[in-house]
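Participant: One structure, as structure tokens, below. Some questions next.
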Amino acid sequence: MRGMMKRNDRLPPGQHLTERFPTLHYGKVPAFDPSTWDFRVWGEVEEPVVWTWDEVMALPRVQLTLDLHCVTTWSKLDMLWEGISLRQLIDEGFIKPRPAARFVVQHADQGYTTNLPLDVMLQDNFLLATHYDGQPLTPEHGYPLRGVTGAIPGRDDLKDVYLWKGAKWLRGLEFLSADQLGFWEANGYSNEADIWKQQRFSR
């Protein structure tokens, strides 16, 4: 968290503003077939879940305006996103974590993973996103579903992390009692990824 100090500057240290929305990812853009695609929730939950694409789209939806900050130093402000709040899914009983659940690994197509504490993913600034700027995500930006972590201006109570902490082409959430490093975290990127502390790399 940024602490109690109020920040008027929305641009974290070491970042530069862009009007573009750069596309950065590891590996190829996967194909999407709605007839075979599914989304899984497992691990430290009372009941594992498997949803079809139609079932995912029928879940409660929210809109968020976020500032996104990439570890490669670009930032884009006031981005309108639409999707699913993990906190709402838990509050409404769609997902029931066990008391031992403290971390979540996001599993994406092609074996990509990234990890976050559960309490961070339950914040208002984490979204399972399907739309950006009123349109479905493009394939390059994670269609049909991606995790998004961003900053909400004026919300100093939220931990803000770099963009890679939300996985593109998301296929499942694994709830864990102990932390487990994701792909970039295991390859030298910071496990904390706090944008205001410039926690970009672990070494």
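Participant: Determine if segment 186-203 includes at least one residue that is modelled with pLDDT of 95 or more, assigned to a loop (DSSP other than H, G, I, E, B) and within 23 Å of residue 40 (Cβ to Cβ).
Facilitator: Taking every residue of segment 186-203 in turn, none turns out to be modelled with pLDDT of 95 or more, assigned to a loop (DSSP other than H, G, I, E, B) and within 23 Å of residue 40 (Cβ to Cβ).
Participant: Right, here's the next one. Which of the numbered conditions does residue 149 fail, given that it passes all the others? Conditions: (1) within 25 Å of residue 51 (Cα to Cα); (2) crowded, with 24+ Cβ neighbours inside 10 Å; (3) modelled with pLDDT of 95 or more.
Facilitator: Going through (1) within 25 Å of residue 51 (Cα to Cα); (2) crowded, with 24+ Cβ neighbours inside 10 Å; (3) modelled with pLDDT of 95 or more one by one, residue 149 breaks only (3).
Participant: Within segment 167-203, which residues are basic (Lys, Arg) and in contact (Cβ under 8 Å) with a residue 60 or more places away in the chain?
Facilitator: Listed by number, the residues that qualify are 168, 171, 200.
Participant: Select the helices (runs of 4 or more DSSP H) contained entirely in segment 13-131, then report the ones holding at least 3 residues which are surrounded by 12 or more Cβ atoms within 10 Å (Cβ to Cβ), free of Cβ contacts under 8 Å to residues at least 12 places away in the same chain and more than 17 Å from the chain's Cα centre (by Cα).
Facilitator: Here the list is empty.
Participant: Something else: Those residues that are surrounded by fewer than 18 Cβ atoms within 10 Å (Cβ to Cβ) and either aliphatic (A, V, I, L, M) or assigned to a loop (DSSP other than H, G, I, E, B) (or both), I need them from segment 132-141; list them, please.
Facilitator: Within segment 132-141, 133, 134, 138 meet the criteria.
Participant: Out of all the residues in segment 21-40, which are hydrophobic (A, V, I, L, M, F, W, C) and within 21 Å of residue 81 (Cβ to Cβ)?
Facilitator: Answer for segment 21-40, where residues must be hydrophobic (A, V, I, L, M, F, W, C) and within 21 Å of residue 81 (Cβ to Cβ): 21, 24, 29, 32, 37, 39.
The values are calculated or read from the model by the stated rules, or taken from the named source; none is laboratory data. Computed from a prediction, not measured in an experiment: that's the story for all the values here. Note that each Cβ is placed from the backbone with ideal geometry, even for glycine, and that neighbours are counted across all protein chains shown.
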